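A short write-up of the structure that comes next.
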Amino acid sequence: MSVPLTEDQRALLALIREFVQREVEPRAAWLDRHERPEDCFSWELVEKASDVGLRTLTLAEEYGGAGADYTTTALAVAELAKGDMGFAVVFAQTWKLVQTLQEAGNQSQKDRFLPLFRDNPRHLLAITLTEPDTASDYFVPHAGARYRTTAKRTKGGWLLNGMKHFISNGNRAFLYIVFAQTDPERSLSEGSTAFLVPRDSPGLSIGTVHDKLGERLANNAEVIYRDVFVPDENVLGEVNGGYAIQRQFFPASNAYAAATVLGVAEKAYERALAWAQERVQGGKRIIEHDSVASDLAEMKMWLDATRGYILHATWCADHPEHWRPELGVLPKVLASKVAWDVVTRAMELHGGYGYMKETGMEKLLRDAAAFLHSDGVNRTLLLKAAQFLR
Amino acid sequence: MRIFVFLKTIPDPEAPADAYRFQGREVEAARAAWVLGPFESNALELAVQISEKLGGELTALALGGKEQEVGLRRALAVGAVRAVRIDIETGEGWRSPLATARALARAASTLGGADYYVFGRQAGDWDQGVMAGLFAGLTNLPFVPLVRAVDVRAGELQLVRELPDGWEEGVLAAPAVLSATNGPGTLLRIAKVRDVMQANRKPIEVLSLPEEPAESLRLQAVAPHEARRSGRVVSGTVAEVAEALLTELRRLGLVGGMTT
């Protein structure tokens, strides 16, 4: 889809395309096939991305990064996801959390953590919100909603205890933004706090690395906190202000999730289009059959509309005076539904070939499935959006 | 130490045939993106390595219109300190390779000359492969074609040159001209994100040169080869397939009239 891009955005996307073709695509299918989830993740790829400056894309220029805004970041996420969705998730998480730290962190926190991030080519970030019993609850909190992970006051700081699961980059991050219940009497919307917790904090350990259907180049893991001491200076925002951090400092998180799965869908569409232009059945190329042609046209329409909606949301995030809260939850719903539709149709257009691993369509299908739930179950996000309409 | 690398931005050679429109003497790349030519990308990598290893200053030059900025900005992003677009008014005639080489030589001279002049082995659009040699002839400099790797030992530039069945290695003293070929040692590095963005903010100088005298050859028309027809799939038993293939080969006059 043609949207006006700046020269910087155009150059960045060309760079990512080249990186994807040269480094990601030759490895993605092979990495995806490994049995152990840990073996699907590649530090080599992360370091190569670091080497060209992709890891520090959203780091402010004053700290040595490229200082990408929300729109540029979403464009980058979608382009990277065309190479591999899991790999894009590794970076989308990191890019968004660096933006959060820069927006919500105080000067001391930025000065302590951002240079460490910049200088370590493996430095990734993770956010630990989800718990086995607290998931949709933190999107639409009710009076009884609590994190089971708690932070209790101690001298000079807090003691963290609990377990988070399904955490993207959970076993790979060097720095975590951890949400924990600091006031057990109140709902998590009023009684939780965000903390900055380095990986080497005593008491922090990694549990199971989850084995997943798709998105395999990204690891999701349990993160366990046993009496992890967090000094007061590592409280992000205000004590009991965790939910405010969630609401205020992740304006584009949902759009990044949407862009991730959009990249997969656009890749599936491109492959289906190329296939339809080559494959001959019924005495002509299958794109010359009306039903196939109209299918492709409809796929293109939904993809363009979705890309437009995502970029509308990120533009509003970049220009907060235009921001509407539903833009923080709806783009991913649209993108994941469209992606699932497009990828399944693209696979169907490939006939039997689409079902065979050799064409790579089944990987796109497995990857696209991730965002039916990831970054918020769709029905929960719709419920959340409905709250803003009342 | 000064190094000049000559670049050419061309319509994407990977674009499908219908991305081009042929009209009389013009070829319009209607739907093809502008990209740095493949062998010029090898030349750029080689030139960057020479400037890194010898500590020289790299200048990128390209002759043509604004589209040439694509390659020049790429050069700025990977280490060129200066980018110059050579602007020559396009006349009625056909600019022959010799005229282009003359223009490049004049530009190089106007800019004060260099120690090493690096070209791609051939442009990716017309594939004539004569520019580096013509430039060397006009400037009376030694020329080493098809360089696939460079190194510096004891302050001297070592080259590895591709041969039809092997390679040869030697030392090249400045001033000299070399052309780069493709290989692992000349694969253009991916620029860094910040450098790409900064390259977008750097100026590209324009060097205007007067039009060349008219060429003896005038272009009258340009057209693509007739598109190759798609093949025909032959199916059946082995004997049937063999018979069908033989019949087709006879029809095309490629085999004699023996019977099976």
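The values are calculated or read from the model by the stated rules, or taken from the named source; none is laboratory data. Everything numeric in this text was worked out from a predicted model, so none of it was measured. For neighbour counting, all protein chains shown are included, and Cβ atoms are generated from backbone atoms with ideal geometry for every residue, glycine included.
At a glance:
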quantity	calculated
Hits in the stretch B:27-44 (condition: under 30 Å from B:PHE4 (Cβ atoms) and out of contact with any helix residue (DSSP H, G or I) (no Cβ under 6 Å at 6 or more places or on another chain))	B:VAL27, B:ALA29, B:ALA33, B:VAL35, B:GLY37, B:PRO38, B:PHE39, B:GLU40, B:SER41, B:ALA43
Members of the stretch B:61-73 that are in a helix (DSSP H, G or I) and under 17 Å from B:ALA123 (Cα atoms)	B:GLU67, B:GLN68, B:GLU69, B:VAL70, B:GLY71, B:LEU72
Residue within the stretch A:170-191 that is more than 17 Å from A:LEU129 (Cβ to Cβ), at pLDDT 95 or above and of a type in the set (Val, Ile, Thr) present	no
Residue that is surrounded by the most Cβ atoms within 10 Å (Cβ to Cβ), among those in the stretch A:179-211 that are hydroxyl-bearing (Ser, Thr, Tyr) and over 24 Å from the mean Cα position of the chain (by Cα)	A:THR182
Meets criteria (in a strand (DSSP E or B) and under 19 Å from B:VAL196 (Cβ atoms)) for B:LEU58	yes
Selected residue (only one of A:ASP304, A:ASP227, A:ASP290 is farther than 20 Å from A:GLY170 by Cβ and in contact (Cβ under 8 Å) with a residue 40 or more places away in the chain)	A:ASP304
Count of residues meeting criterion [in a loop (DSSP other than H, G, I, E, B) and within 24 Å of the chain's Cα centre (by Cα)] in the stretch A:156-178	6
Options A:ARG148, A:ARG153; residue that is more than 23 Å from A:GLY86 (Cα to Cα), without any contact (Cβ under 8 Å) to a residue 40 or more places away in the chain and not in a loop (DSSP other than H, G, I, E, B)	A:ARG153
Every residue from the stretch A:317-336 that is outside any helix (DSSP H, G or I) and among the basic types (Lys, Arg)	A:ARG324
Yes/no for A:GLU266 being part of a helix (DSSP H, G or I), under 30 Å from A:GLU35 (Cα atoms) and touching a helix residue (DSSP H, G or I) at 6+ places or on another chain (Cβ under 9 Å)	yes
From the options A:ALA313, A:ALA317, A:ALA339, residue that is closer than 22 Å to A:ASP84 by Cα and either free of Cβ contacts under 8 Å to residues at least 24 places away in the same chain or buried (at least 18 other Cβ atoms within 10 Å of the Cβ) (or both)	A:ALA339
Residue that is more than 14 Å from every other protein chain (Cβ to nearest Cβ), over 19 Å from the mean Cα position of the chain (by Cα) and surrounded by fewer than 20 Cβ atoms within 10 Å (Cβ to Cβ), where the choices are A:GLU103, A:GLU18, A:GLU35, A:GLU62	A:GLU35
Residue match in the stretch A:279-300 (condition: within 18 Å of A:ALA258 (Cβ to Cβ) and either in contact with a Gly (Cβ under 6 Å, 6 or more places away or on another chain) or in a helix (DSSP H, G or I) (or both))	yes
Cross-chain or 6+ apart pairs with Cβ under 6 Å, the stretch A:253-281 first and within 23 Å of A:LEU125 (Cα to Cα), then outside any helix (DSSP H, G or I)	A:ASN254/A:VAL329; A:ALA257/A:ASP375
Which listed residue, of A:THR94, A:THR73, is within 29 Å of A:GLY105 (Cα to Cα), in contact with a strand residue (DSSP E or B) (Cβ under 9 Å, 6 or more places away or on another chain) and either aromatic (Phe, Trp, Tyr) or more than 10 Å from every other protein chain (Cβ to nearest Cβ) (or both)	A:THR94
Conditions (1) buried (at least 17 other Cβ atoms within 10 Å of the Cβ); (2) within 12 Å of chain B (Cβ to nearest Cβ); (3) more than 20 Å from the chain's Cα centre (by Cα); (4) not aliphatic (A, V, I, L, M); number of the one not met by A:ARG27	(2)
Filtered residues of the stretch B:233-247 (kept if part of a loop (DSSP other than H, G, I, E, B) and surrounded by 11 or more Cβ atoms within 10 Å (Cβ to Cβ))	B:VAL234
Filtered residues of the stretch B:79-135 (kept if assigned to a loop (DSSP other than H, G, I, E, B), among the acidic types (Asp, Glu) and within 21 Å of B:SER208 (Cα to Cα))	B:GLU89, B:GLU92
Given (1) in contact with an Asp or Glu (Cβ under 9 Å, 6 or more places away or on another chain); (2) closer than 29 Å to B:ARG153 by Cβ, index of the condition B:ALA62 fails	(2)
Any hit, the stretch B:120-128, residues being under 25 Å from B:LEU98 (Cα atoms), surrounded by 16 or more Cβ atoms within 10 Å (Cβ to Cβ) and out of contact with any Gly (no Cβ under 7 Å at 6 or more places or on another chain)	no
Residues of the stretch A:121-145 satisfying the condition of being among the hydrophobic types (A, V, I, L, M, F, W, C) and part of a loop (DSSP other than H, G, I, E, B)	A:LEU124, A:LEU129, A:ALA135, A:PHE139, A:VAL140, A:ALA143, A:ALA145
Residue within the stretch A:48-58 that is within 14 Å of A:ARG216 (Cα to Cα), within 13 Å of chain B (Cβ to nearest Cβ) and under 20 Å from the mean Cα position of the chain (by Cα) present	no
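Residue-by-condition table, conditions (1) surrounded by 14 or more Cβ atoms within 10 Å (Cβ to Cβ); (2) charged (D, E, K, R); (3) at pLDDT below 95:
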{"site": "A:ALA244", "(1), (2), (3)": "yes, no, yes"}
{"site": "A:PHE249", "(1), (2), (3)": "yes, no, yes"}
{"site": "A:ALA259", "(1), (2), (3)": "yes, no, no"}
{"site": "A:LYS267", "(1), (2), (3)": "yes, yes, no"}
{"site": "A:ALA272", "(1), (2), (3)": "yes, no, no"}
{"site": "A:LEU296", "(1), (2), (3)": "yes, no, no"}
{"site": "A:MET299", "(1), (2), (3)": "yes, no, no"}
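Residue by residue, here is whether (1) under 30 Å from A:ALA386 (Cβ atoms); (2) at pLDDT below 95 holds:
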site	(1), (2)
A:ASP318	yes, no
A:LYS332	yes, no
A:LYS337	yes, no
A:ASP341	yes, no
A:THR344	yes, no
A:HIS350	no, no
A:LYS357	no, yes
A:GLY360	no, yes
A:LEU364	no, no
